[in-house]
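Heads up, the thing below is written out as structure tokens.
The values are calculated or read from the model by the stated rules, or taken from the named source; none is laboratory data. The structure presented is a predicted model; accordingly, all values stated were derived computationally and were not measured. As a convention, Cβ positions derive from the backbone with ideal geometry for all residues, glycine included, and neighbour counts pool all protein chains shown. For the accessible areas, the whole protein counts, side chains as well, though only heavy atoms, and no ligand, DNA or RNA atoms are used. Shrake-Rupley method; radii C 1.70, N 1.55, O 1.52, S 1.80 Å.
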Amino acid sequence: MAEMRILTKYIDDPRSNELEFYESVHGYDGMKKALLMKPEEIVDIVKKSGLRGRGGAGFPTGMKWSFIPKDIPKPKYIICNADEGEPGTFKDRKLIEKLPHQIIEGMVIGARAIGANKGFFYIRGEFNKGIDSMQKAIDEAYAKGYLGKDIQGSGFDFDLVLYAGAGAYICGEETALINSLEGRRGHPRLKPPFPAVSGLYRCPTVVNNVETFSTVPHILDKGADWYSKIGTEKSPGTRLFSVSGHVKRPGVYEIVLGTPLMELINDLCGGMLDDVPLKAVIPGGSSVPILTAEECKTANMDFESMAAHKTMLGSGAVIVIGEGTDLVETTYRFARFYAHESCGQCTPCREGTHWVRDLLHKIREGEGTSEDLELILSLSRNMEGGTTICPLSDACVGAVRPTIQKFRNEFEARLKDRTKAPSPVASGV
């Protein structure tokens, strides 16, 4: 099996982040076509392509853009969510560092489609290399007339500002990101109203992910029909996956949606590290339910197959877990992360994530009881399903409950033998 590189075709070239190189491989051609179109034509092309958001939820991109109200006096804004904080995910960072002009081009096209004259690139503050790469690309784009006033003589104006966040995971949620941009605490907002109606500065706003914007120029350049024929009917196109854990060749891979999960692991990633048997896979970042080795045999890397397996593609982080890994330790680490990153607005999340973390700590230390396990499962039912403003509480449940349910014997064994937790190195993830 080979990758199908569309977004990452030139990522290995040492000049990939330079404007001159990007132009030499037809960069900004899609934008030039879009500037000659009516906004509704651009939206229609993206709709017909079937492109779904690559940030986690998989919502149709063209439909999201179509929600922006037309003919209103308020300004409109477009935001790129580059706050990649999901444990296990590192695909967007590669695009930011290596192909920043591809993202800028996608944002200009999106701005033209919704009628926005100003955009923000919201990047995680720890991404120092990415910040430098993106700011350099923005400066180059302004100098060449791809940003600013009257872009390429089209009469369309678009300014782009880079904004570095403070590194809060919760700011990956679009309304928390918007609050952060406004100088507020990164607390998610109640919805409705949705950002399309009342977003940044209470104006119509679109927020899309780095990979989503990176895909748009290729659709405009080659057409919706070309893109929709790649992948599956309901999950068209390619997608980037950041693979980590017990594989021989971890890294970022761009594959056609619908590719069997085991082909990704065995063919592209070279199989299991040290040839240990596969134990489990977390297919879309720490917040999505884990798959057992048996479930992995029938799982394909597309939205529908993952839904059928009661999990998600999520943020595109494939965490491969080999036999010998202590899943009690792994689950505790995820719970600790979500407890730390909760913004504290909602009681089920603020109290629930910490409670789950503490109970798992007891179990990993060999001091838990079977009642503690049942209490975690009971708590999870009160933490999910719309009881909070944003999905962070649900994310904690997704990281914890399915693992306990599918690998309960490991948790019960820790209760029985009362042994202390292994060293962090022994956990393997």
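With Rh defined as the Kirkwood radius, the inverse of the mean 1/r over Cα pairs, the Rg/Rh of the chain is 0.98. Against the criterion of solvent-accessible heavy-atom surface with a 1.4 angstrom probe, F156, F337, F194 sort, most first, into F194, F337, F156.
Between T325, T205, T238, the residue with the greatest mean-square fluctuation in the GNM of the chain (Cα pairs under 10 Å linked by springs) is T325. Between 0 and 90 degrees, the angle of helix 408-417 with respect to the longest Cα principal axis of the chain falls at about 40 degrees.
Using the Cα centre of the stretch 19-229 as the reference point, and only Cβ charges (+1 on K/R, -1 on D/E), how large is the resulting charge dipole? Debye, rounded to the nearest 20.
560 debye
Label point of E182 set 7 angstrom out along Cα-Cβ; within the stretch 51-83, amide nitrogens under 14 Å from it belong to 77. A helix-only calculation puts the chain at -12500 deg cm²/dmol for mean residue ellipticity at 222 nm, using -39500 (n - 2.57) for each DSSP H run of at least four residues, averaged over all residues.
Normalised per residue, the accessible area of the chain is 41 Å², obtained with a 1.4 Å probe and no contribution from ligands, DNA or RNA.
What's the center-to-center distance, using Cα atoms, between the stretch 280-326 and the stretch 32-91 in Å? Each part reduced to its Cα centre gives a spacing of 27 Å.
The heavy atoms of F90 offer some 50 square angstrom of accessible surface to a 1.4 angstrom probe. Comparing S228, S342, S378 in a Gaussian network model of the chain where C-alpha atoms under 10 Å apart are linked, the largest mean-square fluctuation is found at S378. In order along the stretch 372-387, phi translates into HN-Hα couplings of 5, 4, 5, 5, 4, 5, 5, 4, 4, 5, 8, 9, 10, x, x, 7 Hz, rounded to whole numbers, per the Karplus curve 6.51 cos²θ - 1.76 cosθ + 1.60 with θ = phi - 60° and x for Gly and Pro. Legend: P(r) of the stretch 327-413 from all alpha carbon pair distances, 5 Å bins from 0, whole percents, reading 3, 17, 30, 26, 15, 7, 2, 0.
Taken about its Cα centre, the chain carries a charge dipole of roughly 800 debye when the Cβ of each Lys and Arg holds +1 and the Cβ of each Asp and Glu holds -1.
Heavy-atom accessible area for I78, with the other protein chains in place and a 1.4 Å probe, reaches approximately 0 Å². What a 1.4 Å probe finds exposed on the chain is 52% carbon and sulfur by accessible area, rounded to a whole percent. Charge dipole of the stretch 343-388 (Cα centre as origin; +1 on each Lys and Arg Cβ, -1 on each Asp and Glu Cβ, all else neutral): 200 debye, rounded to the nearest 20. Can you list the residues of the stretch 375-417 with backbone N under 11 Å from a point 7 Å past the Cα of K310, pointing along Cα to Cβ? In the stretch 375-417, the label zone of K310 (backbone N under 11 Å from the point 7 Å along Cα→Cβ) covers 402-403, 405-406. Between V247 and L273, the built amide H atoms are under 5 Å apart, and every one of these is 5 or more places off in sequence or on another chain. If R0 is 22 Å, the Cβ-Cβ spacing of D159 and M63 corresponds to a FRET efficiency of close to 0.25. Of the whole protein surface, E126 contributes about 100 Å² of accessible area at a 1.4 Å probe radius.
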